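Student: One structure, pasted below without further comment.
The values are calculated or read from the model by the stated rules, or taken from the named source; none is laboratory data. None of these values were measured; they are calculated from a predicted model. With ideal geometry, Cβ positions are generated from the backbone for all residues, glycine too; neighbour counts draw on all protein chains shown. Remember, those area values only see protein heavy atoms, side chains included, never the ligands or the DNA or RNA. Shrake-Rupley method; radii C 1.70, N 1.55, O 1.52, S 1.80 Å.
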Amino acid sequence: MNAKKGAENRDLVICNNCLWAVSLLKGSQVFVRCPLCNRKNLEVIPVEDYENYKLVVSQKRGLSIEFTGED
């Protein structure tokens, strides 16, 4: 898929150990270790330009990610 001029491709990076998360523009700093717990347990989720997401952390369900975007 070709990105539109001026569009920003991004990734959601989540630590599977402590649930630290960050949204990064493609080409930004790459994390090898989590800056919070210092473990190499990071998950990278690509996010399309038209997608939004919401992170919810709860005691009962843990981490939930809700993606929304254009239909």
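Student: Using only the alpha-carbon atoms of the chain, report the extent along each of the three principal axes, biggest first, to the nearest angstrom.
Tutor: 38, 28, 14
Student: With a sphere of radius 15 Å drawn around the Cβ of V30, what net charge do the other residues whose Cβ falls strictly inside it have (Lys, Arg +1; Asp, Glu -1)?
Tutor: Net of charged neighbours comes to +2.
Student: Excluding N16 itself, calculate the net charge of residues whose Cβ lies under 11 Å from the Cβ of N16, where each Lys or Arg counts +1 and each Asp or Glu counts -1.
Tutor: Working: positive: R39, K40; negative: E43.
Every neighbour counted, the sum reads +1.
Student: Per residue, what accessible area does the chain have, given a 1.4 Å probe and all protein chains present, in Å²?
Tutor: 80 Å²
Student: In addition: Leaving out ligands, DNA and RNA, and with a 1.4 Å probe, what % of the accessible surface on the chain is carbon or sulfur? Don't skip to the end; give the middle numbers.
Tutor: Values: 2590 of 5650 Å².
The computed percentage sits at 46.
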